Amino acid sequence: MNTYGKNFRITLFGESHGPYTGIVIDGVTPGIKISEEDFTQDTERRKKGEFPNLAEGVTARQEEDIPILASGLLEGVTTGAPLTILFENKNQISKDYSAFKNHPRPSRSDFAASVKFKGFNDIRGGGMFSGRMTLPLVAAGVIAKKMLLDAGLGITFHAEISSIGGENDSAKWEDIIHIVKAEGDSIGGEITCTITGVPAGKGEPFFNSIESQIAHLAFSIPGVKGIRFGDKSSSFKGSVFNDAIIDEKGTTATNHSGGINGGLSNGNPIIFTLDIRPAASIAKPQETFNFKTGRIEKLSIGGRHDACIALRCPVIAEAVAAIALADMLL
């Protein structure tokens, strides 16, 4: 299904090369001022990445990404009715994808989606499985952030790239991306998101824990293969990993647990890290099965693809975190 949430409910629709991608948001607080300009900063971050010097790693496909606010607004103010946000797709080159029906790309959804949808799935640009679908997610994140602000909760979100290709030194990232781009290959990375201002005691012990809700949405981001809250705990002794409380507010001397205990916020910053896989669509030839010929054959993928999809993911991580917290707290 393509719907998430109870109090802040989102329904994602569209495809990468269809006329639109979009999202319907139910549960929007009435009386909030919304304009096209409110989306610009976050949509530009998703489009261009976080670092101008790493632009070589971002797809050459560039869309206008201007939101069409189709319902739920009157004179620039939310009405409380479902808010529908559309984005036009204008810069598609669909001919690049026709061959993948019979010769599926390794590690893409081509084969699995064809089985699930009996061959009727839209394969162009990855269809509904495309990274293009993160644009309406970012738009929903903008609304979620504004609603949390309007509620006076004072919650802030900040995500950034923490490694590329296993390298934490950002001074080396440009060379890493240049090399994999020249090879027709791709590289993965990690994104770390910090959320401040979440009061202690929010969440639930088990199935609706803060971790499970954020993780649920995080895995809706194409390319996310793992999530970790706080530090990598398996390498610690308990005496070192434990976060000692140092005042009556619950402030801890360390934050190895990432601001969550027992599925509940503990009042300290919530920190999670996403593991982003290298983009599956690469120009470098690969040997993979061709269902038309019945043989393993060489496949080289044309088109415009990211050498490092992690470059555009920080703002998406913020968006899904904001959506999860809006659903839990409002």
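Numbers at a glance
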read-out: Matching residues in segment 296-330 - criterion: being assigned to a loop (DSSP other than H, G, I, E, B) and touching a Pro at 6+ places or on another chain (Cβ under 6 Å); value: 300
read-out: Residue that is farther than 18 Å from residue 162 by Cα, surrounded by fewer than 20 Cβ atoms within 10 Å (Cβ to Cβ) and in contact with a helix residue (DSSP H, G or I) (Cβ under 6 Å, 6 or more places away or on another chain), where the choices are 302, 262; value: 302
read-out: Residue tally, condition more than 25 Å from residue 328 (Cβ to Cβ) and either of a type in the set (A, V, I, L, M, F, W, C) or in a loop (DSSP other than H, G, I, E, B) (or both), over segment 224-247; value: 9
read-out: Selection within segment 100-123 - assigned to a helix (DSSP H, G or I) and not small (Gly, Ala, Ser); value: 100, 101, 110, 111, 115, 116
read-out: Selection count, segment 12-59, where residues are hydrophobic (A, V, I, L, M, F, W, C), in a helix (DSSP H, G or I) and under 18 Å from residue 74 (Cα atoms); value: 1
read-out: Residues satisfying the stated conditions in segment 165-197, i.e. among the acidic types (Asp, Glu) and either in contact (Cβ under 8 Å) with a residue 12 or more places away in the chain or within 11 Å of residue 307 (Cβ to Cβ) (or both); value: 174, 183, 185, 190
read-out: Of all residues in segment 26-55 being touching a Lys or Arg at 6+ places or on another chain (Cβ under 7 Å) and among the aliphatic types (A, V, I, L, M), the one that is nearest to residue 308 (Cα to Cα); value: 55
read-out: Residue in segment 41-55 that is among the hydrophobic types (A, V, I, L, M, F, W, C) and farther than 26 Å from residue 191 by Cα present; value: no
read-out: Number of the condition not met by residue 162 [criteria: (1) in contact (Cβ under 8 Å) with a residue 12 or more places away in the chain; (2) farther than 29 Å from residue 192 by Cα]; value: (2)
read-out: Only listed residue being surrounded by fewer than 22 Cβ atoms within 10 Å (Cβ to Cβ) and of a type outside the set (Phe, Trp, Tyr), chosen from 143, 191, 176; value: 176
read-out: Tally, over segment 188-202, of residues that are of a type in the set (S, T, N, Q) and outside any strand (DSSP E or B); value: 0
read-out: Hits in segment 1-42 - residues which are more than 20 Å from the chain's Cα centre (by Cα) and crowded, with 21+ Cβ neighbours inside 10 Å; value: 28
read-out: Single unsatisfied condition, residue 69 versus (1) crowded, with 16+ Cβ neighbours inside 10 Å; (2) among the aliphatic types (A, V, I, L, M); (3) in a loop (DSSP other than H, G, I, E, B); value: (3)
read-out: Number of positions in segment 98-136 that are touching a strand residue (DSSP E or B) at 6+ places or on another chain (Cβ under 8 Å) and buried (at least 22 other Cβ atoms within 10 Å of the Cβ); value: 4
read-out: Residue count, segment 126-163 (criterion: closer than 30 Å to residue 17 by Cβ, over 15 Å from the mean Cα position of the chain (by Cα) and among the aliphatic types (A, V, I, L, M)); value: 1
read-out: Boolean, residue 276 is more than 18 Å from residue 4 (Cβ to Cβ), in contact (Cβ under 8 Å) with a residue 24 or more places away in the chain, surrounded by 23 or more Cβ atoms within 10 Å (Cβ to Cβ) and touching a Cys at 6+ places or on another chain (Cβ under 7 Å); value: yes
read-out: Selection within segment 257-286 - within 24 Å of residue 322 (Cβ to Cβ) and not in a strand (DSSP E or B); value: 257, 258, 259, 262, 263, 266, 267, 268, 269, 277
read-out: Residues located in segment 112-142, provided they are over 16 Å from residue 45 (Cα atoms) and touching a residue at least 60 places away in the same chain (Cβ under 8 Å); value: 122, 124, 125, 126, 127, 128, 129, 130
read-out: So residue 270, is it under 25 Å from residue 6 (Cβ atoms), under 20 Å from the mean Cα position of the chain (by Cα) and either at pLDDT 95 or above or not charged (D, E, K, R) (or both); value: yes
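For (1) at pLDDT below 90; (2) closer than 20 Å to residue 315 by Cα; (3) not in a helix (DSSP H, G or I), each residue gets a yes or a no:
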position	(1), (2), (3)
63	yes, yes, yes
84	no, no, yes
92	yes, no, yes
95	yes, no, no
125	yes, no, no
139	no, yes, no
145	no, yes, no
148	no, yes, no
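The values are calculated or read from the model by the stated rules, or taken from the named source; none is laboratory data. As the structure is a computational prediction, the values presented were derived from the model and not from experiment. No Cβ is skipped: glycine too gets one built from the backbone with ideal geometry, and neighbour counts run over all protein chains shown.
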